[in-house]
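Student: Pasting a structure below so you can have a look.
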There are 2 protein chains.
Amino acid sequence: MSPKITTELLKQLRQVMKSPTYVQEPLQAYIVPSGDAHQSEYIAPCDCRRAFISGFDGSAGTAIVTEQHAAMWTDGRYFLQAAHQMDNNWTLMKMGLKDTPTQEDWLVSVLPEGSKVGVDPFIIPADQWKRMSKALRIAGHDLVPVKENLIDTIWTDCPQRPCKPLMTLDLSYTGVSWRDKIVALRSKMAERKVLWFVVTALDEVAWLFNLRGSDVEYNPVFFAYAVIGMNTIRLFIDGDRMMDPAVREHLQLDSTLEPEFKIQVMPYGSILSELQAVGAGLSPKEKVWLSDKASYALTEAIPKAYRYLTPYTPICIAKAVKNALETEGMRRAHIKDAVALCELFNWLEKEVPKGTVTEIIAADKAEEFRSQQKGFVELSFATISSTGPNGAIIHYKPVPETNRTLSVNEIYLLDSGAQYRDGTTDVTRTMHFGTPSAYEKECFTYVLKGHIAVSAAIFPNGTKGHLLDSFARSALWDCGLDYLHGTGHGVGSFLNVHEGPCGISYKTFADEPLEAGMIVSDEPGYYEDGSFGIRIENVVLVIPAETKYNFKNRGSLTFEPLTLVPIQTKMIDVNLLTQKECNWVNDYHQKCREVIGAELERQGRHEALRWLIQETEPLVRVQ
Amino acid sequence: MSPKITTELLKQLRQVMKSPTYVQEPLQAYIVPSGDAHQSEYIAPCDCRRAFISGFDGSAGTAIVTEQHAAMWTDGRYFLQAAHQMDNNWTLMKMGLKDTPTQEDWLVSVLPEGSKVGVDPFIIPADQWKRMSKALRIAGHDLVPVKENLIDTIWTDCPQRPCKPLMTLDLSYTGVSWRDKIVALRSKMAERKVLWFVVTALDEVAWLFNLRGSDVEYNPVFFAYAVIGMNTIRLFIDGDRMMDPAVREHLQLDSTLEPEFKIQVMPYGSILSELQAVGAGLSPKEKVWLSDKASYALTEAIPKAYRYLTPYTPICIAKAVKNALETEGMRRAHIKDAVALCELFNWLEKEVPKGTVTEIIAADKAEEFRSQQKGFVELSFATISSTGPNGAIIHYKPVPETNRTLSVNEIYLLDSGAQYRDGTTDVTRTMHFGTPSAYEKECFTYVLKGHIAVSAAIFPNGTKGHLLDSFARSALWDCGLDYLHGTGHGVGSFLNVHEGPCGISYKTFADEPLEAGMIVSDEPGYYEDGSFGIRIENVVLVIPAETKYNFKNRGSLTFEPLTLVPIQTKMIDVNLLTQKECNWVNDYHQKCREVIGAELERQGRHEALRWLIQETEPLVRVQ
């Protein structure tokens, strides 16, 4: 992977930063955030402005270009990747390390007095605007909204915004109709005494209307906004997708409906002016509810006194708690996904020793096996197929320049998942196709102990996920090891593979308490730069736990793994496990045998079934 | 303990809330926070306004009185105590429980439209003012500063503000002179480009000048403020304490000093006008540094654009990291404290079976033994001496009405500590003087497992204490149990027994990372209302840990117990301990024998020594 040469692009950007065509006053700095106008994590090609200007295409990062400098902030998952993809024009700012300045502090340290710092108000979330703008103001600078995106002005071959057909989801998948979701939302609005709710996140629009799209790779969403009033529903969406009879029928666009369920379809681009009109028509005490992560542009459309901002919207919270039909769908999806991975790993065991399997071939093979499963739609993220040192690049994606051949001498890490009509999967397994070293086994076993500590944890109702994060690290910490990423994220139901409002991380303090029905990942890891990467990830469902006592009648919760793929026992140093941990592995593998074994049998995949049986032999701990 | 009858007082308060003598417009609500003008946790009698109006005298709580209601917010430590001490005029708001409204939400729900809510601007911290004022404004109400404290207007026999003599601490205790502390502070000020620093917390003033006082019971502090400029030092303090030759000598008040170390002594009450003068004289870009917990009144004295507010001041952070001499002092104090407790427990073992020892007698005896130790100054907080059901009242203090006799049938919990010239102690032991039930032992052992999990934890440099909190709860959680308080707090060095900026709590998100030299408590518990309370508390020092590996060269930390008092093995169900936990107890007891044994021997306390030896017999775990 050679870095993108950005000298010319930066020169052009610095020119438009001073051009009266685009800015009222010359800018001394321009911020290029990661997201799109919906603050999506995964974005369409037309929104990959930060990757375009810098070359760094990881999922998280913010670029800031000043007259003299170009700097990129990203987190521990991407330190190596960013360093590889960016040329010498760029300084890498490693977030999470002690000496790394915040964007604000850095700007203040490099800017001349009274500088103007520009940003696209549609791309920057309101909460970030507020923080950044305050810090700059205190230091005598100004954060200014720049209407036209300056990257777009120099991006001559910028692709078009996608506008793909929609898919409708019936009650057998969603469990709740969109009408009932609107009713529930309005009741939350009434509770908070707000009259309007603005849906800005793409997965929230998709969830609310029981629709799916494919405008963004890996995420079954579509570009749209919605504004829900107590008696009106406005859906802002482009293209002829609303002409599709199935969609019209699903949304009852042509039916005689009670007016409060009649959906008004409006152009995507009209959201700002419509919202401004809503804002202008408000009487005192009338409030508009927005996420505090909605764009600055949309937030500003509502006068400050009328805004009701929350870190998580009621849709985000409702979406996170899966109902019985969604949970069943997630179970089905994970069974199919496990079948595909048993096939893959069985195939790899045979093929890797031949020296013909590269990371890309393995990733493609994983997709091939998944695509044979019923209801497969697409992958849920770019497959991380990484062997040896590539495994230490936490969000690595193999490309021809880095593509390494799997061998019997290196650890192989595969983090992959898919979108099925009934659910979303995300699973990481770390394998060795030869004989792992004692040190590799030791590290793997610490990671496994952390994985089990979270998966088997019992905790009171109302506990926030971040309180569980240290359980995943304790065994590593004991030996002076750690990993520089969170332990888990929420997972959508045939929706985004990363979703809020819950998670398991030392960083996430604003997470909502875990509730039965929520689904998160459990994925501790350990990475040695230049050598190997280890991660063990299951998707787990929050379920009620039976406990001996019940303090204050609060009830307890624990996790049930939805992912049912063998954890390679060859990598485990059994003597580092407690008996309880050993039992956990054996019970887990017994369940894999039963559930996935039955499905492999049903699908007539006998060779993969034999592989599964062999991989799930019980561990025996020497006392 | 019978509740205080507050009907008449509330009537009087509601009258002054409407009286034009005190308020410009009638108030619909008046907030009575817990603290004094320095946001102290422990306060002088003249500042116990919340206790005066409500009867509830726990260390944390906020009262709000409206025309119709009187409500008290407090946390889990005080639910029972507050319920006992308040009459039916009061509604108890149990903080931390799911359905308890915040003060803001409650006010909004009960106030008539456009209400005025009053508060003393010297008592409310600026950060709380900001939050409360914003929430009220959004709901159409106003938070208004009321110059005269309305409680004081109806408190006819309010005691005088104390003004006791000062004590000077020389370098052998503090390790650093006040001049060097001023130099270090000014260098932090220069780093942040601020010209002035306002010292508002009493323990910060005491620490900065290496002075101690006794204006507030249990906390060796004195009423004062300081304002430090780059070339000036102003100390705001009343009385003739500055006439004491030792103090004059210590502060070099009569020496010919470089002007930047010359201390100007000013009246305590002149802080506001002096600060307003500082505020008025600032040029653009000149900043004044205050804690964001400083009072609203002082914060407002500095125009907004000139304020530099941080959650923790540089003094607070420097004070938390004890130097070698302070650490040695803390060790000495804890050895003396352990000697006193060995004497006490030996005495209790003999006396309790006679049925003559009450909670108060036991507490007095503990104080008697402590006062025999060299350098004893006073207790560091009101002794929690509680047996049976009283043990479940987390911050219980025995009074004649509740005073229970210790017996061989009940669990006894003693949480106590002292101020010695060389350090501050805080220790909790839970004992049974007869035969504990299997259930009592089970609960005790879970608490012990939590205590050990924190004490023995190894974690990377830079870890915040709140990430360790769940370790203390895990064994309890596994059985559906928990406790409704944090796990640990910072401890001062011959200063406040509770201090920031570090701690171990599920609630504390703004804590600073733990560093070698910091000192915190480790005190998980378990409480059954109406039955018993269990808590095991040591004060522990953060020290570097040796680990097998060293990820990213970050280094690791762990804890060393400073408290060396036997943990009653009779209460332990050894079979619930792992071998590692069992070893921890045995190693700890071995150290108690060695260190405290030697001191008991030296002090000729042979009976207590025999008790220590017997109580530190190694546990044997049946495999």
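The values are calculated or read from the model by the stated rules, or taken from the named source; none is laboratory data. Note that the structure is predicted; figures quoted are calculated from it, not measured. Note that we place each Cβ from the backbone using ideal geometry, even for glycine, and neighbour counts take in every protein chain shown. Heads up: the accessible areas ignore ligands, DNA and RNA and are worked out on the full protein's heavy atoms, side chains in. Shrake-Rupley method; radii C 1.70, N 1.55, O 1.52, S 1.80 Å.
Student: So for chain A, averaging the separation of alpha carbon pairs under 8 Å that are six or more residues apart and normalising by length, what relative contact order in percent results? Walk me through the numbers on the way to the answer.
Tutor: On the way: 1326 pairs, mean separation 68.1, N = 623.
The value is 11 percent.
Student: Same structure again: Quick one: angle between helix A:7-16 and the longest Cα principal axis of chain A, in degrees between 0 and 90, rounded to 10, please.
Tutor: Taking the Cα atoms of chain A, the angle to A:7-16 is about 30 degrees.
Student: Output needed: percent of Cα pairs per 10 Å distance bin for chain A, bins running from 0 to the one holding the longest distance.
Tutor: Distribution as computed: 3, 15, 25, 26, 19, 9, 2, 0 percent.
Student: Toward the positive end of the charge dipole of the protein assembly as shown, about the Cα centre and with charges on Cβ (Lys, Arg +1; Asp, Glu -1), which of B:Tyr506, B:Val278, B:Pro165 goes farthest?
Tutor: Ranked along the dipole, the leading option is B:Val278.
Student: Can you work out the FRET efficiency for the pair A:Ala190 and B:Ala510, with r the C-beta to C-beta distance and R0 = 45 Å, to the nearest 0.05? Working shown, then result.
Tutor: Details: r = 34 Å, r/R0 = 0.76.
For R0 = 45 Å, the calculated efficiency reads 0.85.
Student: Now a separate question. Label position 7 Å from Cα toward Cβ: report the copy-to-copy distances for A:Val595 in nm, one decimal, ordered from shortest.
Tutor: Its label point is 5.0 nm from the equivalent points in the other copies.
Student: Can you give the accessible area of B:Tyr506 in Å² (nearest 10), computed on protein heavy atoms with a 1.4 Å probe?
Tutor: 70
Student: Would you please give the FRET efficiency between B:Asn550 and A:Asn575, computed as 1/(1 + (r/R0)^6) with r the Cβ-Cβ distance and R0 = 25 Å, to the nearest 0.05? The partial results should precede the final answer.
Tutor: Numbers: r = 23 Å, r/R0 = 0.93.
My answer for the efficiency is 0.60.
Student: Starting with the highest mean, order A:594-605, B:84-95, A:485-496 by the number of other Cβ atoms within 10 Å, averaged over the residues of each peptide. Walk me through the numbers on the way to the answer.
Tutor: Values: A:594-605: 16.3, B:84-95: 17.9, A:485-496: 25.3.
Packing proxy ranking, top to bottom: A:485-496, B:84-95, A:594-605.
Student: Report the paramagnetic label zone for B:Glu368: residues of the stretch B:587-623 whose backbone N is under 18 Å from a point 7 Å from Cα along the Cα-to-Cβ axis.
Tutor: B:605-609
Student: Taking a cut-off of 26 Å between Cα atoms, list the lysines near A:Lys188, but don't count ones fewer than 8 places away on the same chain.
Tutor: Qualifying lysines at Cα under 26 Å: A:Lys262, A:Lys285, A:Lys287, A:Lys293, A:Lys304, A:Lys319, A:Lys322, A:Lys464, B:Lys94, B:Lys98, B:Lys134.
Student: Run the numbers for A:Ile138 and A:Thr310: contour at 0.36 nm per residue of separation, minus the present Cα-Cα distance, in nm. Don't skip to the answer; put the middle values down first.
Tutor: On the way: separation 172, 0.36 × 172 = 61.92 nm, distance 2.52 nm.
Extending this stretch completely gives an extra 59.4 nm.
Student: Mind jotting down the distance between the C-alpha centroids of the stretch B:341-383 and the stretch A:105-168, whole Å?
Tutor: So the separation of the two Cα centres works out to 65 Å.
Student: If you average over every viewing direction, what projected area does the convex hull of the Cα atoms of the stretch B:6-154 give, in nm²?
Tutor: Numbers: hull surface 32.6 nm².
Average projection, Cα convex hull of the stretch B:6-154: 8.2 nm².
Student: What number results when the radius of gyration of the stretch B:431-473, computed over Cα atoms, is divided by 2.2 N^0.38 Å?
Tutor: Numbers: Rg = 14.0 Å, N = 43, 2.2 N^0.38 = 9.2 Å.
Normalised Rg, Cα atoms only: 1.53.
Student: Which values, in whole Å and largest first, are the semi-axes of the equivalent ellipsoid of the protein assembly as shown obtained as the square root of 5 times each eigenvalue of the Cα gyration tensor?
Tutor: On the way: eigenvalues 532, 319, 192 Å².
Each semi-axis is the square root of five times an eigenvalue, giving 52, 40, 31 Å.
Student: Along Cα→Cβ at 7 Å, what distances in nm separate the B:Pro311 label point from those on the other copies, shortest first?
Tutor: In ascending order, 1.1 nm.
Student: Quick one: with label points 7 Å out along Cα→Cβ, list the inter-copy distances for B:Pro245 in nm, shortest first?
Tutor: 10.8
Student: Working from Cα positions, state the angle (0 to 90°, nearest 10) between the long axis of helix B:271-280 and the longest principal axis of chain B.
Tutor: Rounded to the nearest ten degrees, it is 60.
Student: Same structure, new question: Between the DSSP loop rule and a limit of at most 15 other Cβ atoms within 10 Å, which chymotrypsin sites (Phe, Trp or Tyr not before Pro) in the stretch A:14-71 are left?
Tutor: On the way: sites: A:Tyr22, A:Tyr30, A:Tyr42, A:Phe52, A:Phe56; in loops: A:Tyr22, A:Tyr42, A:Phe56.
Passing both the DSSP loop test and the Cβ count: no residue.
Student: Modelling each spin label as a point 7 Å along the Cα-to-Cβ direction, I'd like the B:Glu351/B:Ser407 distance in nm, to one decimal.
Tutor: Taking the simple label geometry, B:Glu351 and B:Ser407 are separated by 1.9 nm.
Student: Quote the accessible area belonging to B:Ile458 in square angstrom, nearest 10, computed with a 1.4 Å probe and with ligands, DNA and RNA left uncounted.
Tutor: We get 30 Å² for B:Ile458.
Student: Next question. For the protein assembly as shown, with only Lys/Arg (+1) and Asp/Glu (-1) charged at the beta-carbon, what is the dipole magnitude about the Cα centre, in debye rounded to 20? Don't skip to the end; give the middle numbers.
Tutor: Numbers: 128 positive and 156 negative charges, 196 e Å.
For the protein assembly as shown, the charge dipole is close to 940 debye.
Student: So how far apart, in nm, are the two label points at A:Gln603 and A:Asp529 if each is 7 Å from Cα heading toward Cβ?
Tutor: Here the modelled spin labels are 4.0 nm apart.
Student: So what is the 222 nm mean residue ellipticity for chain B from helices alone, if each DSSP H run of at least 4 adds -39500 (n - 2.57) and you divide by all residues, rounding to the nearest 500 deg cm²/dmol?
Tutor: Working: 19 runs with 207 residues, N = 623.
Helix-only estimate at 222 nm: -10000 deg cm²/dmol.
Student: For a quick size check, give me the Cα extents of the stretch A:276-344 along its three principal axes, largest first, whole Å.
Tutor: So the three principal-axis extents are 60, 25, 19 Å.
Student: Can you give the translational diffusion coefficient of the stretch A:499-599 in µm²/s, computed by Stokes-Einstein from the Kirkwood radius over Cα pairs at 4 °C and 1.567 mPa s? Spell out each step's value before the answer.
Tutor: Numbers: Rh = 16.2 Å.
Rounded to a whole number, D works out at 80 µm²/s.
Student: Choose one of B:Trp178, B:Ala246, B:Ser470: the residue whose Cα lies farthest towards the positive end of the charge dipole of chain B (beta-carbon charges +1 Lys, Arg; -1 Asp, Glu; about the Cα centre).
Tutor: Of B:Trp178, B:Ala246, B:Ser470, it is B:Trp178.
Student: Within a Cβ distance under 13 Å of A:Glu191, other residues only, what is the Lys/Arg minus Asp/Glu net charge? Mind showing how you got there, number by number?
Tutor: Details: positive: A:Arg186, A:Lys188, A:Arg192, A:Lys193, A:Lys287; negative: B:Asp105.
Local charge sum for A:Glu191: +4.
Student: In angstroms, what radius of gyration and Dmax does the stretch B:321-615 have, counting Cα atoms only?
Tutor: Final numbers for Rg and Dmax: 18.1, 60 Å.
Student: With the other protein chains left in place, how much accessible area per residue, in square angstrom, belongs to the stretch A:147-263 at a 1.4 angstrom probe?
Tutor: Values: 5070 Å² over 117 residues.
Result: 43 Å² per residue.
Student: If you don't mind, there's one more thing I want to ask. Dividing the convex hull volume of the Cα atoms of the stretch A:167-319 by its residue count, what figure in Å³ per residue is obtained? Don't jump to the answer; show the numbers that get you there.
Tutor: Values: hull volume 17.4 nm³, N = 153.
About 114 Å³ per residue, rounded to a whole number.
Student: By average Cβ neighbour count within 10 Å, what is the ranking of B:406-418, A:195-207, B:430-442 from highest down? Provide the component values of the computation, followed by the final result.
Tutor: Numbers: B:406-418: 23.4, A:195-207: 25.1, B:430-442: 17.7.
Packing proxy ranking, top to bottom: A:195-207, B:406-418, B:430-442.
Student: Alpha carbon centre of the stretch A:438-470 versus the stretch B:493-558: separation in Å?
Tutor: Answer, in whole Å: 21.
Student: So what's the net charge close to A:Glu104: Lys and Arg +1, Asp and Glu -1, counting the other residues with Cβ under 11 Å from its Cβ? Don't skip to the end; give the middle numbers.
Tutor: On the way: positive: A:Arg131, A:Lys134, A:Arg137; negative: A:Asp105.
Counting the neighbours of A:Glu104, the net charge comes to +2.
Student: Still on this model: Ignoring ligands, DNA and RNA, please state the percent of accessible area on chain A from carbon and sulfur, probe 1.4 Å.
Tutor: Values: 12340 of 23570 Å².
Carbon plus sulfur share of accessible area: 52 percent.
Student: Can you give the local net charge around B:Arg179? Use residues other than it whose beta-carbon is closer than 12 angstrom to its beta-carbon, Lys and Arg +1, Asp and Glu -1.
Tutor: Values: positive: B:Lys181, B:Arg186, B:Lys262; negative: B:Asp180, B:Glu258, B:Glu260.
Once all neighbours under 12 Å are counted, the net charge is 0.
Student: Same structure again: For the stretch B:442-480, state which residues have at least 30 Å² less accessible area in the presence of all protein chains than in their chain by itself, taking the probe as 1.4 Å and leaving out ligands, DNA and RNA.
Tutor: Listed in order, they are B:Glu442, B:Ile458, B:Pro460, B:His466, B:Leu467, B:Ser470, B:Phe471, B:Trp477, B:Asp478, B:Cys479, B:Gly480.
Student: Just the number, please: buried accessible area between B and A, total of both chains, 1.4 angstrom probe, nearest 100 square angstrom.
Tutor: Working: alone 25290 and 25280 Å², together 47140 Å².
Approximately 3400 Å², summed over both chains.
Student: For the stretch B:6-154, give the magnitude of the charge dipole about the Cα centre (Cβ charges: +1 Lys/Arg, -1 Asp/Glu; no others), in debye to the nearest 20. Please report the intermediate quantities before stating the final value.
Tutor: Numbers: 14 positive and 18 negative charges, 43 e Å.
For the stretch B:6-154, the charge dipole is close to 200 debye.
Student: Under a 1.4 Å probe, what is the accessible area of the stretch A:466-513 per residue, stated in Å²? Could the numbers behind the result be given before it?
Tutor: On the way: 950 Å² over 48 residues.
Per-residue accessible area for the stretch A:466-513 comes out at 20 Å².
Student: In degrees, nearest 10, range 0 to 90: what is the angle between the Cα axis of helix B:606-615 and the longest Cα principal axis of chain B?
Tutor: With both axes taken from Cα atoms, the answer is about 80 degrees.
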